[in-house]
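The values are calculated or read from the model by the stated rules, or taken from the named source; none is laboratory data. A quick note: this is a predicted structure, and the numbers were derived from the prediction, not measured. Heads up, the Cβs are rebuilt from the backbone with ideal geometry, glycines too, and the neighbour counts pull from every protein chain shown. Areas reflect the complete protein model, heavy atoms only, side chains present, ligands, DNA and RNA absent. Shrake-Rupley method; radii C 1.70, N 1.55, O 1.52, S 1.80 Å.
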Amino acid sequence: MCGIVGYSGTEQAAPILLEGLKRLEYRGYDSAGVSIYDGCKLNVIKAKGRLQVLSDMIEGGKAIRGVSGIGHTRWATHGKPSDVNSHPHVSNSGNIAVVHNGIIENYLHLKEILLAKGITFNSETDTEVVAQLIDYFYDGKDLLKAVHEAVERLEGSYALGIMAADCPDKIIAVRKDSPLIIALSEKGNFLASDVTAVLKYTRDVIYLDDEEFSVITSKGVTVYNNFLEEIEKPISHVDWDISAAEKGGYEHFMFKEIMEQPEVIRKTVMPRIKEGRIVLDNVSLTKEYVRDLSKIYIVACGSSYHVGMVAKYNIEKLVRKPVEVALASEFRYCSPIVNEKTLIICISQSGTTADTIAAMREAKRLGARVLSIVNVVGSTIAKESDDVIYTWAGPEIAVATTKAYSTQLAVTYLLGIYLADCCGTIDEEEYKLLVRELIKVPDKIESILKDKEHIQYLASLYFNNENIFFIGRNIDYALSLEGSLKLKEISYIHSDAYAAGELKHGTISLIEDGTLVIAVASYNKLLEKTISNIVEVKSRAAEVLSITTENNKDIISQVSDNIIVIPDIHELYLPSLAVIPLQLFAYYVALLRGCDIDKPRNLAKSVTVE
C-alpha cells in the first residue's frame, strides 16, 4: 500500500518522481503528491485522484524545477482521500516535508502534546504529526539527529522520506516494519518503497533493515544504525528485466501475468529438481527435526491463505502430520499452541505483509521454527525466517495476484514432497511419480491458456450476474475460495465460496432462478458427492458452470449448463490447473464490466499495516 519515491541528483527531479510513482501505481492509492526544492523553498503539490491529475497540474514535471525531491501515492488510513490529507505533509514552518507509508499508532497522543505547545495541524492524518515532531526537534543544524529524536517517540510502522528546505540536497530515510530501499546511480541517488520504481534508472540497491537510517544526497549515500553509527550495507544488483514490470503489448498487467504462469512455474520448480530429487538449497530442516514435528501451521493472508488451504490438504496426505491454516491477522490473538516442535510456514508475496510479520514474530517468540515462502529477496519475512524458499515469480504488478499464487502453490508441492521424504511417508515409486507429474504442470497450463477464447465466451454469458456462488470439496473447496476472491476483487460482483457439503446448512436458501453457481469438480475421489451438490442447486433453478477434468467431462456435462475442461494430472496438482480458468473468467468478466482491472478500487498490492 502507498508508494514512496525520492531523488537527489543532477537531473530534474519532478519527471523522475512522476515516473517512479507511475511504476508504483499497482500498490493501490487514492491521491498523489510531490515536494521539490526549487532553489528558494520546498514546493509541495498534491491532489486527490489518479497520478495523472498531479502530472497534469505540474505539466509532466516541467512546471517545477529542482534536482531534489520526494513523492508519494497515498492509500487512505487516517482521514478521507482529499488534497489536504495527501502526502507530502509539511510542518508549520514550511521547512520540513515528509512522506510516509505505514501507521503511527500513538499519533493522537503525540498530537495532543504538540497542540499544547502551540503547533497547529491542517490535516486529519497521522503523518502530519511526524512532520511537526521533526520540526520541533530540529535545531537547524543536524536534521538526522532531529529525525532520530522524532522516530524514537513513534509507535507503529513506518517508512519515511524527509526533506528540509534549509538542506535541500539531503533526504533522510528510515524504516520500521514497512519496506524501503535505497538505490544508487551515476546521475543521483534514490529512495523508494519498491525496486520497480527505480529500475529505469539503476539496478544497484541497498535494502534498509528495521530502525536503520540513510542520508541520501546527489553525491552519495550513508547508512546508520539506530545509535546513528555509520554502518556498511551490501549493494544488491537487481536481475529483473525491466520488461517484466511493463505490459509488453498486453492490455493489462493481470492478463500478462496470467499468461506468464507456465514460465514462472518452470523457473520456480526446475532448478530445484536435480537428478530426479527435490533439492531445497536454502532449507536446513533435518530429517530428525521433521520426524519429530508435532504440528505444522501455515500462516498467511488473502490469496496466500488460499494457497495454504490447498497445501494443508496435500501436506497432510503426504506427511501424515496435522496441518492448521491460520489467517495471520487472527493467529497471534488466538493464543496459539506453539512450541519448538511446531513448524510455521509463512506465505507472503511481498514478504512485508504486516499481519504475517507480526504472526511470524509471535511464533518465534514461542519457540517455533519459521520457514517462509516469499517472492521478494531481502524482504522482512525472508530475513527474519529460519529458512526461506523464494518463488522467483518476478515482479507482479496487478493488484490481484495470479502468478505469485501459482508459484507459491508450486513451492508447497516441492515442500510437501520434501517433508514426506524426510518422514518416510512416501515410497520411492511414489516420490518419482510425484516429481514426474510436477514437471508436467507448466505444459498442461499452456494447453488451458490456448482455450482462453472459450472462457471469454462463458464470461460474456454471465458478466451481468450480481451474485455468484463457488462450490467444491477438499482441494476443490480451497480452490473455490481463490476463484471467488479473484472475481470479487476485480469485477466487484458479490461472490462467496462454500464447501459443497455445507450448502444444505443454510446457503442453499440463497439459490434461486438464474443464480450462477460455479462448481469446481476436479477431485475425482469426491466427484459423486460434488455431482449430488450440483444436482441440488440445479433443482433450485441455478445456472451451473463446472470446471472438471478430461476424464470426467462427459458425466459433469450431463448436470451442468456449461463446462470448462482441464487436462488430467495427479490429484496433488489439480489446483494449479483449475485455477487458470478461474483467473481468466474473473479477468474477462471484469473486462466486460469496464472495471479498472490492474488497480481495483480500495485495494492495495502489499498490505503493510494491520
Log entry: pair-distance distribution for segment 493-610, C-alpha pairs binned every 5 Å from zero, whole % per bin is 2, 10, 18, 20, 18, 14, 11, 6, 2, 0
Leaving ligands, DNA and RNA out of it, rank His454, His72 by accessible area with a 1.4 Å probe, largest first. His454, His72
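Could you look at the chain and say what percent of its accessible area is carbon and sulfur, using a 1.4 Å probe and all protein chains?
Values: 11150 of 23050 Å².
Percent of accessible area from carbon and sulfur atoms in the chain: 48.
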Normalised Cα Rg of the chain, dividing by 2.2 N^0.38 Å with N its residue count, works out at 1.01
Which of the GluC sites (Glu not before Pro) across segment 483-588 are loop residues per DSSP, with 16 or fewer other Cβ within 10 Å? Glu512
Looking at segment 267-330, which GluC sites (Glu not before Pro) are DSSP coil and have at most 12 other C-beta atoms within 10 Å of their C-beta? Glu275
For the chain, whose charge dipole is built from +1 on Lys and Arg Cβ atoms and -1 on Asp and Glu Cβ atoms, the candidate among Ile298, Ile490, Met360 with its Cα farthest towards the positive end is Ile490
Whole-Hz ³J(HN,Hα) from phi, Karplus 6.51 cos²θ - 1.76 cosθ + 1.60, for segment 352-365, glycine and proline x: 10, 4, 4, 5, 5, 4, 4, 5, 4, 5, 5, 4, 5, 4
Let a ≥ b ≥ c be the square roots of the eigenvalues of the Cα gyration tensor of segment 70-117; is it rounded (a/c under 1.5), or, if not, prolate (a/b larger than b/c) or oblate? oblate
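Report the calculated FRET efficiency for Glu437 and Asn282 (r = Cβ-Cβ distance, R0 = 22 Å), to the nearest 0.05.
Plugging the Cβ-Cβ distance into 1/(1 + (r/R0)^6) gives 0.35.
Could you tell me the ratio Rg/Rh of segment 457-532? Both radii from Cα atoms, Rh via Kirkwood. Walk me through the numbers before you get to the answer.
Working: Rg = 12.2 Å, Rh = 12.7 Å.
Answer for segment 457-532: 0.96.
I need to check one value: relative contact order of the chain, counting alpha carbon pairs closer than 8 Å and at least 6 residues apart, in percent. Spell out each step's value before the answer.
Values: 1368 pairs, mean separation 74.3, N = 610.
The normalised contact order for the chain reaches 12 percent.
With only alpha-carbon pairs counted, each pair once and no self-pairs, how large is the Kirkwood hydrodynamic radius of segment 1-93 in angstroms?
On the way: mean 1/r = 0.0779 Å⁻¹.
After inverting the mean inverse Cα-Cα distance, the result is 12.8 Å.
Stokes-Einstein D for segment 467-508 at 10 °C, 1.306 mPa s, Kirkwood Rh over Cα pairs, in µm²/s? Don't jump to the answer; show the numbers that get you there.
Values: Rh = 10.2 Å.
Answer from the Stokes-Einstein relation: 156 µm²/s.
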Counting pairwise Cα distances across segment 333-472, what percent come out greater than 25 angstrom? 47
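Taking 51 Å as R0, compute the FRET efficiency from the Cβ-Cβ separation of Asn562 and Ile235 and round it to 0.05. Don't skip to the end; give the middle numbers.
On the way: r = 54 Å, r/R0 = 1.06.
Result of the calculation: an efficiency of 0.40.
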Let a ≥ b ≥ c be the square roots of the eigenvalues of the Cα gyration tensor of segment 211-338; is it rounded (a/c under 1.5), or, if not, prolate (a/b larger than b/c) or oblate? oblate
From a point 7 Å beyond the Cα of Leu366 in the direction of its Cβ, which residues of segment 302-345 have a backbone N at a distance under 13 Å? 324-345
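How do Ile113, Ile36 stack up against each other in accessible area, from largest to smallest, with a 1.4 angstrom probe? Walk me through the intermediate numbers first.
Working: Ile113 75, Ile36 0 Å².
Ranked list, largest accessible area first: Ile113, Ile36.
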Assuming a ≥ b ≥ c are the square roots of the Cα gyration tensor eigenvalues, decide whether segment 39-111 counts as rounded (a/c under 1.5), prolate (otherwise, with a/b larger than b/c) or oblate. oblate
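Are there any trypsin sites (Lys or Arg not before Pro) in segment 83-185 that are in a DSSP loop and have at most 11 other Cβ atoms within 10 Å? List them by number.
Lys117, Lys141
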Over 22 Å between alpha carbons, listed pairs Lys22/Lys200; Lys170/Lys233; Lys488/Lys525; Lys48/Lys403; Lys403/Lys432: Lys488/Lys525; Lys48/Lys403; Lys403/Lys432
What accessible area, in Å² to the nearest ten, does a 1.4 Å probe give for Leu366? 60
Any chance you could check the Cα centroid distance between segment 51-87 and segment 308-376 for me, in angstrom? 38
Going from most exposed to least, what order do Arg540, Arg601 have by accessible area with a 1.4 Å probe? Arg601, Arg540
Could you give each residue of segment 429-435 its phi-based ³J(HN,Hα) in whole Hz, using Karplus coefficients 6.51, -1.76, 1.60 with θ = phi - 60°, and x for Gly or Pro? 5, 5, 4, 5, 4, 4, 5
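Calculate, for the chain, the solvent-accessible area per residue in square angstrom, rolling a 1.4 angstrom probe over the heavy atoms of the protein chains. Spell out each step's value before the answer.
Details: 23050 Å² over 610 residues.
Computed with neighbouring chains in place, this is 38 Å² per residue.
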Alpha-carbon centroid distance for the pair segment 179-236 / segment 475-526, whole angstrom: 46
